[in-house]
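Below is one structure; the comments refer to it alone.
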Amino acid sequence: MFKRIVIAALALVGAMPLLAADMANGQLINKSCALCHGIHGQGASGKLSPRIAGLPREYIIKAMKDYVDGTRVYPLMVRTSQIDKFTEKDFTDVAAYLSALDLSSDERFNIKSTFGDPDEGKSIYRSDCRNCHARDAYGKPSKEAPPLAGQHPEYLFTTMRGFKEGHRIHANDREDDSFVDYGDEDFMNLAAYLATKDDRKIVAGYEFNPPIFRTNLALRDRDNLSDSIQITDITQTVVRMAVDAGITTAQAEKAMIAKAKEIGLKKVAQQKVSQFLSKQGVEMPHLSIFQFCNPLDARLMVMADPVFSSYMPCRISMVEDADGKLWLMMLNLDMLINSKLLPTEVVETAVRVNQQMLDVMNAGSAGKP
């Protein structure tokens, strides 16, 4: 009896920080994270969208702050998620929400690798990784070692290369040389082995359903931010990004078109709505609409689900509000709005296209590609 009481007390102590967090606020903030990481934090195959669901709360907080202070560099992520404007409470709330999302039992979220030799990777893991990341590869919070099981192999491969090349800091130690003696083949094998480690948690027939946290604060003050990106809570999410002060419509337009060309998106149309109406004697604030497309991407997405045709070609509008402030706006393009699970290649394409459009918007808002 005493042992059960002690265990229950320890469990309660461990849960107290989570209970103290405002999970509704965390769920709301996650809408910005979902643009790249998925509404459930599930991530996608590839190096840019790791799985963040189920990561330890403190690890998520540290990662976000590393991006803010420049320890880790990805300017588009900072601007898109607005983490540089977070309060301490925001960091805590969204990290608590994401850490509570457990996708490991749902076979639809099972991680698989298309490269590497798991048996070779197993040998490397047992030799050099197990002490910190645990035998089951689900990490050791006491060592600030995150789980590796359940993470996308491509992201793990890229991360390990980053550790070796010095772009990333391993174990908070700039002098750490754990990866110096390993090459790309070793990293591929290790990532392939780690992709097998979440298999044992799968429960046949289980489907993950995210918790719903409600608040009377609705969008709170987050929708009144004067700059950067905003997520509008309508049926099909709208992403809007403020154009920096001093940037003209011509500068924003030139920068967007240059960035689109640089990343392989073709400008297929442009509608200068306010300019057209002005010639008819009708005055209105600035409104222009830009349409971009990669035909092969459009084909793949529409064949997977015809609903994507409503987004093709991808559109960005430049609009002036009643106060004379310029905004760039687009529909959230990927599959993450309705949480529908699609084939891997479609998910990868949707996430990539979404990030390309954010790149274009970011260039326009800054007035330079």
> Where does helix 23-37 land angle-wise versus the long Cα axis of the chain, in degrees 0 to 90, nearest 10?
Replying inline: 80
> In whole Hz, what ³J(HN,Hα) sequence does segment 63-77 give by Karplus (6.51, -1.76, 1.60; θ = phi - 60°), x for Gly and Pro?
Replying inline: 4, 4, 5, 5, 5, 5, 8, x, 4, 10, 10, 7, x, 4, 5
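Looking at segment 139-175, which trypsin sites (Lys or Arg not before Pro) are in a loop (DSSP not H, G, I, E or B) and have at most 11 other Cβ atoms within 10 Å?
Arg174
Relative contact order of the chain: what whole-number percent is it, with Cα pairs under 8 angstrom and at least 6 residues apart? Don't skip to the end; give the middle numbers.
Details: 602 pairs, mean separation 65.7, N = 369.
Averaging sequence separation for qualifying contacts and normalising by length gives 18 percent for the chain.
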> Extent of the chain along each principal axis, from alpha carbon coordinates, in Å, largest to smallest?
Replying inline: 81, 47, 45
>> Taking the 0 to 90 degree range and rounding to the nearest ten, how far is the long axis of helix 153-165 tilted relative to the main principal axis of the chain, both from C-alpha atoms?
In response: 80
>> How many angstrom lie between the Cα centre of segment 95-165 and the Cα centre of segment 299-319?
In response: 34
> Out of residues 5 or more away from Lys140 or on other chains, whose amide H comes under 5 Å of its own, with H placed 1.01 Å from N in the peptide plane?
Replying inline: Ala145
>> Could you work out how much longer the chain between Val238 and Glu283 gets when fully extended? Use 0.36 nm per residue separation minus the Cα distance between them, nm to one decimal.
In response: 13.6 nm
> Put +1 on the Cβ of every Lys and Arg and -1 on every Asp and Glu Cβ in the chain; which of Ser310, Val73, Ile39 then has its Cα farthest towards the positive end of the dipole?
Replying inline: Ser310
> What is the distance, in nm, between label points placed 7 Å from the Cα along the Cα-to-Cβ direction at Glu120 and at Arg200?
Replying inline: 2.5
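Can you give the charge dipole size of the chain about its Cα centre, rounded to the nearest 20 debye, using +1 on the beta carbon of Lys and Arg and -1 on the beta carbon of Asp and Glu?
On the way: 44 positive and 47 negative charges, 101 e Å.
Using only the charged Cβ atoms, the result is roughly 480 debye.
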> How far is helix 249-262 tilted off the main Cα axis of the chain, in degrees rounded to 10, range 0 to 90?
Replying inline: 50
>> For the pair Asp177/Asp321, report the inter-label distance in nm, with labels modelled 7 Å from Cα in the Cβ direction.
In response: 5.5
>> Which of Phe157, Phe213, Phe292 has the fewest other C-beta atoms within 10 Å, and how do the rest follow up to the most?
In response: Phe213, Phe157, Phe292
>> I need the phi-derived Karplus couplings for segment 356-369: 6.51 cos²θ - 1.76 cosθ + 1.60, θ = phi - 60°, integer Hz, Gly and Pro marked x.
In response: 4, 5, 5, 4, 5, 4, 4, 5, x, 5, 8, x, 8, x
> Residue separation times 0.36 nm, minus the C-alpha to C-alpha distance between Ser127 and Gln251: what's the value?
Replying inline: 39.2 nm
> Using the Karplus equation 6.51 cos²θ - 1.76 cosθ + 1.60 (θ = phi - 60°), what ³J(HN,Hα) coupling, rounded to whole Hz, does each residue of segment 102-111 give in order, writing x for Gly and Pro?
Replying inline: 10, 9, 5, 8, 8, 4, 5, 9, 5, 7
> Between their Cα atoms, which of Lys261/Lys325; Lys62/Lys143; Lys325/Lys368 are more than 20 Å away from each other?
Replying inline: Lys261/Lys325
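Where a number appears in this text, it was derived from the coordinates with a stated rule and is not lab data. Remember, predicted model here, so these are calculated numbers, not experimental data. Using ideal geometry, Cβ is built from the backbone for each residue, glycine included, and neighbour counts are taken over all protein chains shown.
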